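J.: Dumping the structure here so I can ask a few things about it.
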Amino acid sequence: MATKNSTAGLVVDPADQRLHDLRREVREFLAGERAERSFAPRCDSWMSSPDPAFSRRLAARGWVGMVIPQAYGGRGRSTLERFAVLEELLAAGAPVAAHWIADRQMAPSILRHGTEEQRRRYLPSIAAGECFISIGMSEPDSGSDLASVRTRAEVVDGSWVLTGTKVWTTGAHYAHAVMVLARTDPADGDRHAGLSQFLVDLPHPAIEVRPIVTIDGEHHFNEVVFDGAVVTAGSLLGERGAGWRQVMAELAYERSGPERVMSTIPLAEAWVAEARRIGADPVVRREIGRVSAAAWSLHQMSTAVAAALAEGQAPEVEAALVKDFGSQFEQETVRAVRRVTPSPDPAFAQLLDDAVLHSPVFTLRGGTNEILRSVVARGLGAR
């Protein structure tokens, strides 16, 4: 799948020497890490492989908090530079889950909506790989209906008191804070109204984090219970009642990134290597070509959304399309490998097993594909 001037099978534009050099630097770092056996490549590594020490090593090289302004401890680099680094990390199956959510969407949200105190408090630690943040959006019995929030936040003696339950909260068991979407005001006929966001530090004596063990036997998700948790007035992120609008903007970051395309790329790279080792027949070569072409197309789509975000746009429809097509591609990659490449190699078999167990959730997390198509239809209809 890869060529001389490529990574993860995605051709690097030779005219952009700066990005090419950055990719080479990341590849050299990762080669050194693998030589020291600091990690074994995994599929879905952005969610299932938290390694705080690895995150700190990335941060020391300036590869966490890349787009955070230097005034807040970041590197002030471009969105496309960050995109290039992320592609390399995901292609290698590197253990980036610990800092991923904080770097991906909470840092931009804090920059955009946070107070100066919140920016000074959280952003330097995020950029240093020392502050991890989880997201409390989904709730029990709500499915993908994010607007049916029952968690409440009420003002009591100048503080906020949070009561309710969040579920499928990735990384809450190692996070230093959780972003909570809660109802602060009546909906008045509009379920999207009256919702607000809060940045709540963890651990907290009135917040219980309960593990949810998935089919692979691992602990990625959690149920988080807020039992009258008292937080300061300064925990409110952005405007009171503007939570829905803020969340929708954040989801563009969540749905459009390369992780929505590249969760199974470590398997695809191993597939290519294994096909070369055992001598691929024409059927295998055809399947590799088909998957490679789809990966390239999705790379172009995801890059376009990254460029739009860099220009201050909110490409919610485009991000939903990337997530929809990308999650289908990830599942199809697993199916293609299973169809045509039986292999006795233990390392390859482990990658495949890992991908098979993770693949059912690809079209669920970040919004089901059915919900995403509704977002696209409504968005296109409004244009």
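J.: Run a plain Debye calculation on region 338-383 (Cα atoms as equal point scatterers, no solvent) and give log10 I(q)/I(0) at q = 0.20, 0.28, 0.29 Å⁻¹, rounded to two decimals, same order as the q list.
T.: With no solvent term, the Cα-only Debye profile gives -0.71, -0.96, -0.99.
J.: Quote the convex hull volume per residue of region 278-383, based on C-alpha atoms, as a whole number of Å³.
T.: In region 278-383, the Cα hull volume divided by residue count equals 120 Å³.
J.: Continuing with this model, one more query. Quick check on region 34-150: what does the Kirkwood estimate of hydrodynamic radius come out to from the alpha carbon pairs, in Å?
T.: For region 34-150, the Kirkwood estimate is 15.1 Å.
J.: Using Cα-Cα distances under 8 Å and only pairs 6 or more residues apart, what relative contact order does region 238-327 have, in percent?
T.: 52 percent
J.: Checking a compactness column here: for the chain, what do you get for Rg(Cα) / (2.2 N^0.38 Å), N being the number of residues?
T.: Compared with the compact-globule rule of thumb, the chain sits at 0.98.
J.: Which order do the peptides 151-164, 51-64, 255-268 take when ranked by the mean count of other beta-carbon atoms within 10 Å per residue, highest first?
T.: 255-268, 51-64, 151-164
J.: Another one. For helix 369-381, report the angle its Cα long axis makes with the longest principal axis of the Cα atoms of the chain; keep it between 0 and 90° and round to the nearest 10°.
T.: It is inclined by approximately 70 degrees.
J.: Something else: Can you tell me how region 87-160 classifies by the Cα gyration tensor, rounded, prolate or oblate, using a/c under 1.5 as the rounded cut? The partial results should precede the final answer.
T.: Numbers: a/c = 2.76, a/b = 1.29, b/c = 2.14.
In terms of gyration-tensor shape, oblate.
J.: Taking only Cα atoms, what is the 0 to 90° angle, nearest 10, from helix 116-127's long axis to the longest principal axis of the chain?
T.: 20 degrees
J.: Rounded to the nearest 20 Debye, what is the dipole magnitude of region 135-242 about its Cα centre when Lys and Arg each give +1 and Asp and Glu each give -1 at the C-beta?
T.: I would put it at about 80 debye.
J.: Let me ask you something else. If each of Gln328 and Gln70 carries a label point 7 Å out from its Cα toward its Cβ, how far apart are those two points in nm?
T.: Reported label-point gap for Gln328 and Gln70 is 4.5 nm.
J.: Percent antiparallel among DSSP beta bridges with both residues in the chain, to the nearest 5?
T.: 85 percent
J.: Can you tell me which of Pro211, Pro140, Pro124 moves the most in a GNM of the chain? Springs connect C-alpha atoms under 10 Å apart.
T.: Pro140
J.: Can you pull the Rg over Rh of region 88-242, Cα-only, Kirkwood?
T.: 0.97
J.: Please identify the GluC sites (Glu not before Pro) of region 278-383 that satisfy two criteria: DSSP loop assignment and at most 13 other Cβ atoms within 10 Å. Which are they? Each step should come with its number before you reach the end.
T.: Working: sites: Glu287, Glu311, Glu316, Glu318, Glu330, Glu332, Glu370; in loops: Glu311.
Here the sparse-neighbourhood loop sites are Glu311.
Values quoted throughout were computed directly from the atomic coordinates according to the rules given, and no laboratory measurement underlies them. Because the structure is predicted, anything quoted here is derived from the model rather than measured. Note: ideal-geometry Cβ built from the backbone for every residue, glycine included; neighbour counts use all protein chains shown.
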